[in-house]
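Have a look at this one.
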């Protein structure tokens, strides 16, 4: 199936390179087929938390890094906005490495002149701000759920079923998790308003979404651990969620 996958801007986050949950092979497919003039890496690209505890860096993770650096060399503007899992890179804000610009946050202007604040989003997370130890416990629980995903989806694939995420399902079913996501989105939109921006693009909560709060556009690009999603701005200024699981079916890559 033919489809134009050339965009003005792409936003991806929460790759978690260095963790076993990273869907590096699917990400490599995505980078191969989707092109952009500008690429934002919106935090948690490298999972320094995982690497600090145990080194895990397969060839596919190295290939992702090389592909992104090659995009930068060939003319794609690449901006890296670190998150909480790769917060050590915030020490290099304002510098460039391999033609990749490191910024704490950025303002992106769309074709139609809208100003979008781009940052990872961990500053809106009260658990990260006030109880970082609890965030680490939650991170280990999340990794356990991802491990359960693997045998579940192995059986689903055998019976011709698509990918299904246990942790995402639980987040949607548990009232407190749904409330947390909603509060996160509202706080993020309010922060953008205070910054005199028309909208905000972030990641962090692994939940791709496009919503509007009191005239402020909220965009979340999701993750590459479960949902394998990104945000894309076309050359008319329209922003949409790219679901790679769905797109690869349309492209007949399965």
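What whole-number distance in Å separates the alpha-carbon centres of the range 179-254 and the range 33-73?
That distance is 19 Å.
Still on this structure, please answer the following. How big, in percent, is the set of alpha carbon pairs in the range 27-69 lying more than 14 Å apart?
58 percent
Would you order 55, 49 from fewest to most other beta-carbon atoms within 10 Å of each residue's own beta-carbon?
55, 49
Still on this model: Could you order the peptides 107-119, 3-15 from most to least packed, using the average number of other C-beta atoms within 10 Å per residue? Present the calculation step by step, with values, prior to reporting the outcome.
Values: 107-119: 16.8, 3-15: 21.2.
Packing order, densest peptide first, comes out as 3-15, 107-119.
With the alpha-carbon atoms as the only input, what is the per residue convex hull volume for the range 185-254 in Å³?
91 Å³
Okay, moving on. Can you give the Rg/Rh ratio of the range 22-117, where Rg is from the C-alpha atoms and Rh is the Kirkwood radius?
Values: Rg = 14.1 Å, Rh = 14.4 Å.
Here Rg/Rh amounts to 0.98.
A short reminder: the numbers here are calculations on the coordinates, not readings from a lab. Keep in mind that what you see is a predicted model, and the values were worked out from it rather than measured. Glycine gets a Cβ as well: all are built from the backbone with ideal geometry, and neighbour counts include every protein chain shown.
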